[in-house]
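The values are calculated or read from the model by the stated rules, or taken from the named source; none is laboratory data. No experiment lies behind these values; they were computed from the predicted model shown.
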Amino acid sequence: MLLTTVEPSPWYGDSRHVIALLRLLLYPIAFVASAIGAWWYRRKQKIALSWPSVEGCVQFVSVAPIPKSSAYIATLQYSYFVGEYQSGE
């Protein structure tokens with residue numbers, strides 16, 4: 001009796017195996033990405049809390065359309081006092 005052997009095809013030859021592997025890798029990657037994003041957000045919040053704050057006053061606000069565009073440009077003039085009078089636009 002003569003036995004023949006069948007050469008197995010590589011695992012990546014079947015699209016079902018590739019899709020299963022990608023799904024298996026997707027969950028840990030998504031978890032790590034969301035953990036890094038949450039850490040970055042908390043870090044930015046902590047840094048922002050250390051910024052100095054001061055009361056100010058908005059002097060003038062205007063919004064005008066940009067010609068030949070669907071965009072707008074906003075202008076805001078403000079002032080505040082920290083040791084001396086400051087203003088900006």
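Data table
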| quantity | calculated |
| --- | --- |
| The lone exception for residue 63 - which of (1) at pLDDT 90 or above; (2) over 30 Å from residue 85 (Cα atoms); (3) of a type outside the set (D, E, K, R) it fails | (2) |
| Enumerated strands (runs of 3 or more DSSP E) restricted to the stretch 11-89, each holding at least 3 residues that are hydroxyl-bearing (Ser, Thr, Tyr) | 72-82 |
